[in-house]
Amino acid sequence: MFQKMIDDSMKRSPWIFHINAGSCNGCDIELVSVLTPRYDAERFGFRLTGSPRQADIVVVSGPITLQSRDRMIRTLAQVPEPFCVVSLGSCPRSGNVFKGSYAIDGPLEKWTHVDVSVGGCTPKPEAIIAALAKASAILEEKRKAMRQADKADKEKRS
Amino acid sequence: MLPYVGRALSNLFRKPATERFPKTDAPEPAKNYRGRLSYDPTKCINCGQCIRVCAPQAMTRTIEDVDSETQKITFTFDMTSCTYCGLCADFCSQHTITMSNDYMIVGTKPEDFMVTGSFLKKKPVAPKFTPEQIAAMKAAAAKKKAEADAAKAAKAGE
Ligand code: SF4
Ligand code: SF4
């Protein structure tokens, strides 16, 4: 019973953690503007958290530079399952104008699963909100699947 | 004191500054906004100028032979690779590429971000010469080369 209550409340508060993997700061500013009063994603429960251990949705921006790659992987490893990865802007998916550079090691798919992507350089806040909504729907599915797997596992053992 | 009270009272009845976005349709972007590309294959002449000017190499062109005289040319624009600079639209002499104002570039699969178009084009006709003409051209070229060599030798001998 408590589990259901917790799940229901988590549905309404998907917390975001933002990783800047060498982004030019354009996407980062747009992501912050999503949380400002004008677009106010906090009314849907999206909240920027300071620690990857509390995150449900990880937003990655930037073309994965060599300097940020290991830190990004280390941060992603700390996010509790299940979580969604949103790639923000054109950079994480393809490298954008830095494609083929010696200093980047992308795309993001190489290092983690990417659930939702937003194109644009930079994406408009409305598009980011749409992507976050999509990510939270996917997150819900994932959580459901995980609970079912847990249940099946428990029944098998008992 | 009084102006503040007036402002406070008027704010009570003003509509909120927050955009209503997910409840309403996505608002129109600013004039001349550069969003998702649109490509009209009926106008394209396959000059390749767009491929030359694109910094992130967002487009791929595949040319297949349909039969001995026609080719099928397919352009694919990857919207997660594009940096939305608009150069391809500016350089396209046929106005094939235009930047639409659709900024909802959100998806979960790579196919969601592809803009494709293909068209058929007649192959250029191979030049036809008689064997005598070819022999004459070869002789002319050989003569020119010999003259140049002689001039060079004379210059070196000075
Ligand atoms: S510049 Fe325009 S006409 Fe030329 S290949 Fe590109 S789309 Fe086609
Ligand atoms: S807008 Fe710029 S980056 Fe995008 S396809 Fe055209 S030239 Fe390439």
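The values are calculated or read from the model by the stated rules, or taken from the named source; none is laboratory data. Bear in mind the structure is a predicted one, so any value in this text is a computation, not a measurement. Here the Cβ positions follow ideal geometry from the backbone for every residue, glycine too, while neighbour counts run over all protein chains shown. Side chains are part of the model used for accessible areas, which takes the heavy atoms of the whole protein and leaves out ligands, DNA and RNA. Shrake-Rupley method; radii C 1.70, N 1.55, O 1.52, S 1.80 Å.
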Pairs where the first residue, in segment A:123-145, is open to solvent by 10 Å² or more (accessible area, probe 1.4 Å) and the second is among the polar types (S, T, N, Q), C-beta under 9 Å, 6+ apart
A:K134/B:T108; A:I138/B:T108
Which is touching a residue at least 60 places away in the same chain (Cβ under 8 Å) and of a type in the set (S, T, Y), of B:S93, B:S38, B:S10, B:S68?
B:S38
If we scan segment B:47-60, do we find a residue that is hydroxyl-bearing (S, T, Y) and more than 11 Å from every other protein chain (Cβ to nearest Cβ)?
yes
If I filter segment B:86-129 down to residues being open to solvent by 60 Å² or more (accessible area, probe 1.4 Å) and polar (S, T, N, Q), which single residue comes out as farthest from ligand 1 (Cβ to nearest atom)?
B:N101
Output the residue which, of all residues in segment B:25-48 that are more than 16 Å from ligand 2 (Cβ to nearest atom) and under 17 Å from B:V106 (Cβ atoms), is surrounded by the most Cβ atoms within 10 Å (Cβ to Cβ).
B:A26
Looking at (1) open to solvent by less than 50 Å² (accessible area, probe 1.4 Å); (2) more than 9 Å from ligand 1 (Cβ to nearest atom); (3) under 11 Å from the mean Cα position of the chain (by Cα), can you tell me which one B:I51 breaks?
(2)
Which of the numbered conditions does A:S117 fail, given that it passes all the others? Conditions: (1) modelled with pLDDT of 90 or more; (2) open to solvent by 30 Å² or more (accessible area, probe 1.4 Å); (3) polar (S, T, N, Q).
(2)
Search result, residues across segment B:78-134 that are within 14 Å of another protein chain (Cβ to nearest Cβ), out of contact with any Phe, Trp or Tyr (no Cβ under 8 Å at 6 or more places or on another chain) and more than 11 Å from ligand 2 (Cβ to nearest atom)
B:S100, B:D102, B:M104, B:V106, B:T108, B:K109, B:P110, B:E111, B:D112, B:F113
(1) more than 15 Å from the chain's Cα centre (by Cα); (2) acidic (D, E); (3) farther than 23 Å from A:V34 by Cα: which one isn't true of A:E126, the others all being true?
(3)
Going through (1) within 12 Å of another protein chain (Cβ to nearest Cβ); (2) modelled with pLDDT of 90 or more one by one, A:L31 fails only at (1)
Report every pair of residues separated by at least 6 positions or lying on different chains whose Cβ atoms are under 7 Å apart, first residue within segment A:48-62 and of a type in the set (K, R), second open to solvent by 70 Å² or more (accessible area, probe 1.4 Å) and modelled with pLDDT of 90 or more.
A:R53/A:Q78
Of residues in segment B:1-19 being more than 10 Å from every other protein chain (Cβ to nearest Cβ) and in a loop (DSSP other than H, G, I, E, B), the one surrounded by the most Cβ atoms within 10 Å (Cβ to Cβ)
B:R14
For B:P22, work out the one condition from (1) part of a loop (DSSP other than H, G, I, E, B); (2) modelled with pLDDT under 90 it doesn't fulfil.
(1)
